[in-house]
Amino acid sequence: MTQATFTVFTGSKNTVAKGYDVESGVLTKVAADNFYNGTYEAVDAKPEELIGIIKSIKQGQFITAGVHQSLGAGTCPADACRTADAFKLPDGAGLLIIDGDSLSDFSITSANKSVKKLRSLDPAMKTALIVTSPSASSGIKYKGSDSGLKGMHSYMVADDAKAMPAILENLHKRSVLAGLARAQITSNGLILIKSMVDLAMKSSNQP
């Protein structure tokens, strides 16, 4: 059975994951701190083991597809900083991570619908074991309001980790062709095409 190698980082509780606070009776998003200090450990997992690993991730922990090239575990920044040069995609199998945001824009309101849409993008994904976890901004309830499903993180084992950036690029393009995308105009007039497959995950050190 194919085993994927990836990295689990551990920092403070406010690292990477966003939070929420109440200001003047209004629920307000609190941005996460950047990760500077903490530890990291390489993990090997078969597809069926991903469920337990994803469920075990605690506040302050996050996963990257990249692994350190010489150290199986260490401390940041003493042993290594979380850069793309230090944490590269492994040889052999890797963890394909798909980050989907603003899924409600595409009428995706559940994990099952999210997986169904992903499977429709590529025949190879129809039989893959896909493990999902809602984003931190999903399911936030306050005074009768419910944010619903905002985003979904999907994990699966890819036989060739080096091919994962190309896989994500292809899935993004297929999302656009399937109508699972939207145009976003920045403050300086740039037009960005956002789909249910975030291309930021092409970077091996992206949380």
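The values are calculated or read from the model by the stated rules, or taken from the named source; none is laboratory data. This is a predicted model, so every value here is computed, not measured. Neighbour counts are summed over all protein chains in view; Cβ atoms, including those assigned to glycine, are modelled from backbone coordinates with ideal geometry.
For the subset of segment 41-87 comprising residues that are assigned to a strand (DSSP E or B) and among the polar types (S, T, N, Q), which member is surrounded by the most Cβ atoms within 10 Å (Cβ to Cβ)? Ranking the candidates gives Thr64 first. Going residue by residue through segment 144-159, is there one that turns out to be free of Cβ contacts under 8 Å to residues at least 24 places away in the same chain, surrounded by fewer than 14 Cβ atoms within 10 Å (Cβ to Cβ) and within 16 Å of Ile51 (Cα to Cα)? No, segment 144-159 contains no residue that is free of Cβ contacts under 8 Å to residues at least 24 places away in the same chain, surrounded by fewer than 14 Cβ atoms within 10 Å (Cβ to Cβ) and within 16 Å of Ile51 (Cα to Cα). For segment 1-11, filtered to residues that are in contact with an Asp or Glu (Cβ under 7 Å, 6 or more places away or on another chain) and not in a strand (DSSP E or B), the residue that is modelled with the lowest pLDDT is Thr2. Among the residues of segment 68-82, is any of a type in the set (Ser, Thr, Tyr), over 19 Å from the mean Cα position of the chain (by Cα) and farther than 27 Å from Ala128 by Cβ? Yes. If you go through segment 15-40 and keep only what is surrounded by 16 or more Cβ atoms within 10 Å (Cβ to Cβ) and modelled with pLDDT of 90 or more, you end up with Gly38, Tyr40.
Among the residues of segment 3-45, those that are under 23 Å from Lys55 (Cα atoms) and of a type in the set (Asp, Glu) comprise Asp33, Glu41, Asp44. Of everything in segment 93-108 that is surrounded by 14 or more Cβ atoms within 10 Å (Cβ to Cβ) and in a loop (DSSP other than H, G, I, E, B), the residue that is modelled with the highest pLDDT is Ala93.
Comparison of Lys46, Lys117, Lys18, Lys29 shows that the only residue that is under 28 Å from Lys173 (Cβ atoms) and either within 15 Å of the chain's Cα centre (by Cα) or not small (Gly, Ala, Ser) (or both) is Lys117. Cβ-Cβ contacts under 6 Å between residues 6 or more apart (or on different chains), taken from a first residue in segment 121-139 that is under 15 Å from Ile54 (Cβ atoms) to a second residue that is aromatic (Phe, Trp, Tyr) and crowded, with 16+ Cβ neighbours inside 10 Å, are listed as Val131/Tyr155.
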